[in-house]
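K.L.:
Encoded as structure tokens, here's the structure I'll be asking about.
The values are calculated or read from the model by the stated rules, or taken from the named source; none is laboratory data. Worth saying up front: this structure is predicted, and the values here are computed from it rather than measured. Glycine also receives a Cβ, built like all others from the backbone with ideal geometry; neighbour counts cover every protein chain displayed.
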Amino acid sequence: MKQLRWIWDSDDGLILELMTQGGDADIARRIALEIRIFQAYAATAAYVIGKTAVMSAGVTVLSGFNCKNRFLTADATKGPWYCKDP
């Protein structure tokens with residue numbers, strides 16, 4: 001996490017573009033955990049943009065981001081996991 005110190009201290013947000021048909025669930029859980037840790041300690045927000053296909057393990061990665069910071073491109077399919085406005 002020391003490698004991310006420069007973004008922690010900046011005013012810029014962390015943005016992840018994600019497109020995946022799936023993958024290893026254990027790795028996806030680890031990525032989500034790292035995102036949660038980043039959000040807990042960083043002075044900046046973390047955002048994710050799901051592009052076209054975000055399936056299986058990709059949904060697990062999305063779960064690491066705050067609901068209000070998850071976005072999908074127009075061609076992406078919204079699943080039951082997608083956050084709805086309150």
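K.L.:
Hey, does the stretch 66-80 have a residue that's of a type outside the set (S, T, N, Q), surrounded by 18 or more Cβ atoms within 10 Å (Cβ to Cβ), at pLDDT 90 or above and in a helix (DSSP H, G or I)?
P.N.:
No - not one qualifying residue is present in the stretch 66-80.
Let's see how each residue does on (1) without any contact (Cβ under 8 Å) to a residue 24 or more places away in the chain; (2) touching an Asp or Glu at 6+ places or on another chain (Cβ under 6 Å); (3) not aliphatic (A, V, I, L, M):
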{"site": "15", "(1), (2), (3)": "no, no, no"}
{"site": "24", "(1), (2), (3)": "no, no, yes"}
{"site": "31", "(1), (2), (3)": "no, no, no"}
{"site": "40", "(1), (2), (3)": "yes, no, no"}
{"site": "47", "(1), (2), (3)": "no, no, yes"}
{"site": "55", "(1), (2), (3)": "no, no, no"}
{"site": "74", "(1), (2), (3)": "yes, no, no"}
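K.L.:
Just for the stretch 4-57: of the residues that are of a type in the set (S, T, N, Q) and crowded, with 16+ Cβ neighbours inside 10 Å, which one is nearest to residue 69 (Cα to Cα)?
P.N.:
Only one residue fits best here, namely 39.
K.L.:
Which of (1) in contact with a strand residue (DSSP E or B) (Cβ under 6 Å, 6 or more places away or on another chain); (2) among the hydrophobic types (A, V, I, L, M, F, W, C); (3) assigned to a helix (DSSP H, G or I); (4) modelled with pLDDT of 90 or more is the odd one out, the single condition residue 48 does not satisfy?
P.N.:
It is condition (3) that residue 48 fails.
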